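Notes to accompany the following structure.
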Amino acid sequence: MVSFLRPDLAEFAAYRVQPPAADGPPSNSVDVLDTNECPYDLPAELKAKLAWSYQQEIAANRYPDGGHGGLKSAIADYVIESADLGKGTIGPEHISVGNGSDELIRSLLIATCGGREGAILVASPTFSMYGILAQTLGIPVVTVPRDPITFAVDEEGVAAAIATSPVPVRMVFMVHPNSPTANALTPGELDWLHQLPTNILVVVDEAYFEFSQHTTVADVLTRPNWVVTRTFSKAFRLAAHRVGYGIAPPTLTQVLEKVRLPYNLPSFSQAAARLALAHRQELLAIIPELLAQRQHLQAALATLEDFIVWPSAANFLYARPTAISPEILFTRLRHQGTHVRHISGGLRITIGTPEENSRTLDHLRQALAEG
Ligand SMILES: *Cc1c(COP(=O)(O)O)cnc(C)c1O
């Protein structure tokens, strides 16, 4: 390690999505079911509209709108609609837009813990980016386990972890519904989050809101220490464009605006997000079908021997083989061209098209039968 670098960074691995198996099918015939995207691209006429907006409305030589004005207003309207809130309750002053919600997570870390004594708390297994981004900023991560069967948070364990953390906990991250385990926060967990002292910021990551329809956005209006993050990468089919947003009390939004990069979101991505919001009815109309596919796949997987599949409030399933290791099953699936995520002692399987889901089922049957 060269001497000008921070020694702790030597231990980290860069975030990398695994490439397809070298001895598996060619990458263009692999079912990509490891990143929880929507299996459908934008409809062709919306793509054409977006291309038109690039040609007619975007000056490539000009910086993007660094204030995200139009996009923030459109997001605020969507948030009100999505949470059934009163007209005008959420405005652009509650919204901060990021280059993916990953950027917002980093901004939140900088705003709460960076440069001073502060730790974050996560309940494992959960989304890995919180811990990864915290560590790159030198921020300690307090990890508490979830119940191994229900994946509920052990509230007493969390209270003890907060009370005994050598560095004070400033932020708690919860995914609603959680990734990889697909369970939504329970009323009991929400009560516990509501009771946290206001010197701890509660971050509720609603990346899968459009699938679960569970939201805590109303809490942003009544609690100074509550922020919700969401993304255009999943239900809105814009993972290629990297757009995420946070909904927070204006005092917090102002700080998030201070710590982000000035032109963090390219003009083309802003145009894509506005287009997706304007056509949300059409884009989100696919969700009932995806949920029906999820029910169907889950019911089929539940009949497999030596295999456990959990209920899901999102567009993916969490499952675990009981007679072989998840790693072996994962590798067999890869060789068959079904690319899922091996994570936290199990497999996270994205719901794809009906054809992909039926291949997932066939491939799992074959892979488990190999013994
Ligand atoms: C996919 C996902 C996101 C989205 O991240 P982006 O940076 O917006 O693409 C955020 N949180 C969780 C838990 C996710 O699974």
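One table, with the values for the structure above:
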quantity: Filter result (away from the ligand (no atom under 15 Å from the Cβ) and crowded, with 19+ Cβ neighbours inside 10 Å) within the stretch 145-157; calculated: Val153
quantity: The stretch 28-43 residues that are closer than 10 Å to Arg237 by Cα, paired with ones that are open to solvent by 60 Å² or more (accessible area, probe 1.4 Å) and not in a strand (DSSP E or B) (beta carbon under 6 Å, 6 or more apart); calculated: none
quantity: Search result, residues across the stretch 345-360 that are hydroxyl-bearing (Ser, Thr, Tyr) and open to solvent by 50 Å² or more (accessible area, probe 1.4 Å); calculated: Ser358
quantity: Residue among Leu256, Leu301 that alone is among the hydrophobic types (A, V, I, L, M, F, W, C), in a helix (DSSP H, G or I), closer than 30 Å to Gly114 by Cα and open to solvent by less than 40 Å² (accessible area, probe 1.4 Å); calculated: Leu256
quantity: Filter result (within 23 Å of Ala152 (Cβ to Cβ) and either more than 16 Å from the ligand (Cβ to nearest atom) or not hydroxyl-bearing (Ser, Thr, Tyr) (or both)) within the stretch 113-133; calculated: Ala119, Ile120, Leu121, Val122, Ala123, Pro125, Phe127, Met129, Gly131
quantity: Given (1) in contact with a helix residue (DSSP H, G or I) (Cβ under 6 Å, 6 or more places away or on another chain); (2) among the acidic types (Asp, Glu); (3) farther than 21 Å from Arg242 by Cβ, index of the condition Glu37 fails; calculated: (3)
quantity: The listed residue being surrounded by fewer than 19 Cβ atoms within 10 Å (Cβ to Cβ) and in contact with a Pro (Cβ under 6 Å, 6 or more places away or on another chain), out of Thr222, Thr186, Thr198; calculated: Thr198
quantity: Test: residue in the stretch 232-241 that is hydrophobic (A, V, I, L, M, F, W, C), open to solvent by less than 50 Å² (accessible area, probe 1.4 Å) and either in a helix (DSSP H, G or I) or at pLDDT below 95 (or both); calculated: yes
quantity: Positions within the stretch 308-344 being crowded, with 19+ Cβ neighbours inside 10 Å, over 22 Å from Pro39 (Cβ atoms) and within 24 Å of the chain's Cα centre (by Cα), in sequence order; calculated: Ser344
quantity: From the options Ile95, Ile90, Ile80, residue that is closer than 16 Å to Arg230 by Cβ and either aromatic (Phe, Trp, Tyr) or within 16 Å of the ligand (Cβ to nearest atom) (or both); calculated: Ile95
quantity: Residues of the stretch 27-50 satisfying the condition of being assigned to a helix (DSSP H, G or I) and open to solvent by less than 50 Å² (accessible area, probe 1.4 Å); calculated: Leu46, Leu50
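Yes/no matrix, rows are residues, columns are (1) among the charged types (D, E, K, R); (2) at pLDDT below 95; (3) within 12 Å of the ligand (Cβ to nearest atom); (4) more than 12 Å from the chain's Cα centre (by Cα):
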residue: Ala207; (1), (2), (3), (4): no, no, yes, no
residue: Leu221; (1), (2), (3), (4): no, no, no, yes
residue: Val227; (1), (2), (3), (4): no, no, no, yes
residue: Arg230; (1), (2), (3), (4): yes, no, yes, no
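The values are calculated or read from the model by the stated rules, or taken from the named source; none is laboratory data. A quick note: this is a predicted structure, and the numbers were derived from the prediction, not measured. Note that each Cβ is placed from the backbone with ideal geometry, even for glycine, and that neighbours are counted across all protein chains shown. With ligands, DNA and RNA removed, areas are computed over all heavy atoms of the protein, side chains included. Shrake-Rupley method; radii C 1.70, N 1.55, O 1.52, S 1.80 Å.
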